Amino acid sequence: MDLTSIIKPEHVFIGLSAPTKWRALQLVSQKAATCLNVEEAVVLRALEAREQLGTTGIGHGIAVPHAAIAGMTKPRGLIIRFAKPIDFEAIDNVGTDLIFMLLFGESGRGEYLNVLAAIARRLQTEGVLATIRQAKTADELYADFIGDALR
């Protein structure tokens, strides 16, 4: 899976702050609206509805909020690294400092599972998680996350 077609370098943000999980979802929705040309309120409602089903905090300081958005034709995503971890109600109770947000079309639910799997594989690659947490810039974080796909 080519993650470069889903997450663009300009869709990576570091050093953002949010006091709560719900404020983090608002911040993610604002960034998605700007970057992905979607309605902020629509994204926020969809992410909140998904979060009501159960946390998307998968552990190890990572959350993957995701939702179907009417009118989207392909999966798109953002990466956000927070300045300080927030309580995302993750399954391991570890504060979340990295969010990999995914939006996809209502007919693309199967495709987003492939994207989630690709992100998970990349994060399980030795050293990747530590490297992206140490990245000094958004461009550096993106390059470290994407890895071999850019070479």
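The values are calculated or read from the model by the stated rules, or taken from the named source; none is laboratory data. Everything numeric here is computed off the predicted structure, so don't read it as measured data. Here Cβ is always computed from backbone atoms with ideal geometry, including for glycine, and neighbour counts include all displayed protein chains. Note: accessible area is taken over every heavy atom of the protein model, side chains too, but ligands, DNA and RNA are not part of it. Shrake-Rupley method; radii C 1.70, N 1.55, O 1.52, S 1.80 Å.
What to note about this one:
- Considering residues of the range 24-40 that are open to solvent by 10 Å² or more (accessible area, probe 1.4 Å) and in contact (Cβ under 8 Å) with a residue 12 or more places away in the chain only, the residue farthest from the chain's Cα centre (by Cα): Val38
- Entry remark, the range 41-58: residues being surrounded by fewer than 17 Cβ atoms within 10 Å (Cβ to Cβ) and in contact (Cβ under 8 Å) with a residue 24 or more places away in the chain number 1 in total.
- Residues that are open to solvent by less than 20 Å² (accessible area, probe 1.4 Å), farther than 25 Å from Asp139 by Cα and modelled with pLDDT of 90 or more are absent from the range 113-120.
- For the range 78-112, taking the residues that are closer than 16 Å to Ile58 by Cα and polar (S, T, N, Q), the one that is surrounded by the most Cβ atoms within 10 Å (Cβ to Cβ) is identified as Thr96.
- Pairs meeting the criteria (first residue in the range 105-116 and within 9 Å of Thr73 (Cα to Cα), second residue hydrophobic (A, V, I, L, M, F, W, C) and open to solvent by 50 Å² or more (accessible area, probe 1.4 Å), beta carbons under 7 Å, at least 6 apart or on different chains) are Glu106/Ala70.
- Qualifying residue in the range 68-77 (condition: surrounded by fewer than 17 Cβ atoms within 10 Å (Cβ to Cβ) and among the charged types (D, E, K, R)): yes
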